[in-house]
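Okay, so here's the structure we're looking at.
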Amino acid sequence: MGVIVATLRETAPHERRVALTPEIAKKLGALGAEVCIESGAGDSAAFPDSLYKDARAVADAITGSDVLLCVQPPGDEAIGKLKEGAVLIGMLAPHASPDRVKRLRDRKITSFAMELLPRTTRAQAMDILSSQAGMAGYKAVLIAAQVSPKFFPMLTTAAGTIRPSKVLIVGAGVAGLQAIATARRLGAQVEGFDVRPEVKEQIESLGAKFLDLGVSAAGAGGYARQLTPEELAEQQRRLGEHVRNVDVIVTTAAIPGRKAPRIITTAMVEGMKPGSVIVDLAAETGGNCELTIAGETVVRNGVSVVGPVNLPSQGAVHASEMYARNLFNFLALMLKDGALNLDWNDELIAQTCLTHGGEIRHEATRKAVDGQA
């Protein structure tokens, strides 16, 4: 019998995605794996059990499984059902719950937190952060267009000419670039801002203008470093002057594993025109805007500050398809002739590993869990 790969129905609030789609179930079968899904696991992502021709839909998919694929981290009950030595792959948020990491360690689960995947060319097909951020950026602009009391495009009508909305996208990672592209498709006048000057060409290639505030925070690995207090003050001063004439702001700035950087202050919001809209993609990690409340819309002086949660889940079909392919491409590294074969010399496997053999393998997480500096 080949390795048993399973997935469960996601139970986290607002979560509609599934970690294993019918397409991936078929591909896993071709590699010699046996696939099990919890009955109804794909329902909220529009993948009913009937579409899983190459998987068994059962009430208990976790007991006896060798590999568990997940979107959100599994709860204590699910972890407790995993057999010793089982493999867990998904978004495990190791920084968010030391207790969960300890439980995985103590249960001797081999867990792979896909957020830890090295950002290399070889890893692109496994990069869940990029695939899900693309959906988030797309949905954020659609939310902004819905909340805004203005058209996005320029229109020439019998009642006169309507000027295009001015849209500012803060952050030019995958989410920001997708937001820029979507806002441009809707006909808005778009600017992109990022403290990493090397992304200017990417912003301009999408037809947007690069907003240069004279502050650079280029960091390692393609991420922005944290700004110094002086740099942040200067950035906020210049940005505050600029946003007075902006209709929509979409903020996408994030530092993995850390609280979102504050970019839009309350004073900036109060200086914006009534009817303006801010959509804060960083709402779940504290927000890029001081007024953001996750899951709510705050109105201050006529400006709407929207704090959406789990935007990728709003595009559950395509988000699940991309996510499941990411996990499949990663799992394929360790599937040989229908059996698991973990090659610890492979940097993608080694650096993505969170726990294995009763140990916490990820150094930063181990130090955090042990209470070290």
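The values are calculated or read from the model by the stated rules, or taken from the named source; none is laboratory data. The shown structure was predicted, so the numbers you read here are calculated from the model rather than taken from an experiment. Every residue, glycine as well, gets a Cβ built from its backbone with ideal geometry; the counts of neighbours run over all protein chains shown.
Given the options Gly85, Gly75, Gly40, name the one that is of a type outside the set (Lys, Arg) and over 24 Å from Thr352 (Cα atoms). Working first, answer last.
Numbers: Gly85 fails: over 24 Å from Thr352 (Cα atoms); Gly75 fails: over 24 Å from Thr352 (Cα atoms).
Answer to the check: Gly40.
Tell me, yes or no, whether the range 221-232 has at least one residue that is assigned to a helix (DSSP H, G or I) and surrounded by 12 or more Cβ atoms within 10 Å (Cβ to Cβ).
Going through the range 221-232, the residues assigned to a helix (DSSP H, G or I) turn out to be 221-222, 229-232.
Keeping just the survivors that are surrounded by 12 or more Cβ atoms within 10 Å (Cβ to Cβ) gives 231-232.
Yes, the range 221-232 contains at least one residue that is assigned to a helix (DSSP H, G or I) and surrounded by 12 or more Cβ atoms within 10 Å (Cβ to Cβ).
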ask   = Hey, any hits in the range 118-125 for a residue that's touching a Gly at 6+ places or on another chain (Cβ under 9 Å), over 17 Å from Ala324 (Cα atoms) and in a loop (DSSP other than H, G, I, E, B)?
value = yes
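Working carefully through the options Leu354, Leu331, find the one that is aliphatic (A, V, I, L, M), part of a strand (DSSP E or B), buried (at least 22 other Cβ atoms within 10 Å of the Cβ) and within 22 Å of the chain's Cα centre (by Cα).
Leu354
Between Glu284, Glu290, which is surrounded by fewer than 24 Cβ atoms within 10 Å (Cβ to Cβ), under 14 Å from the mean Cα position of the chain (by Cα) and farther than 20 Å from Thr7 by Cα?
Glu284
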inquiry  = Looking at the range 311-334, I want the residues that are over 13 Å from Gln132 (Cβ atoms) and have a partner that is β-branched (Val, Ile, Thr) and outside any helix (DSSP H, G or I) with Cβ atoms under 8 Å, at least 6 apart or on another chain. Which pairs are those?
reply    = Phe330/Ile89; Leu331/Val5; Leu331/Val67; Leu331/Ile89; Met334/Val87
Checklist (1) under 23 Å from the mean Cα position of the chain (by Cα); (2) part of a loop (DSSP other than H, G, I, E, B); (3) at pLDDT 95 or above; (4) not hydrophobic (A, V, I, L, M, F, W, C) applied to His95, failing item = (3)
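Scanning the range 13-62 for residues that are polar (S, T, N, Q) and under 21 Å from the mean Cα position of the chain (by Cα), which turns out nearest to Asn341 (Cα to Cα)?
Taking the range 13-62 first, the residues polar (S, T, N, Q) are 21, 39, 44, 50.
Checking which are under 21 Å from the mean Cα position of the chain (by Cα) leaves us with 21, 44.
Values: Thr21: 23, Ser44: 33 Å.
Checked the range 13-62; the qualifying residue nearest to Asn341 (Cα to Cα) is Thr21.
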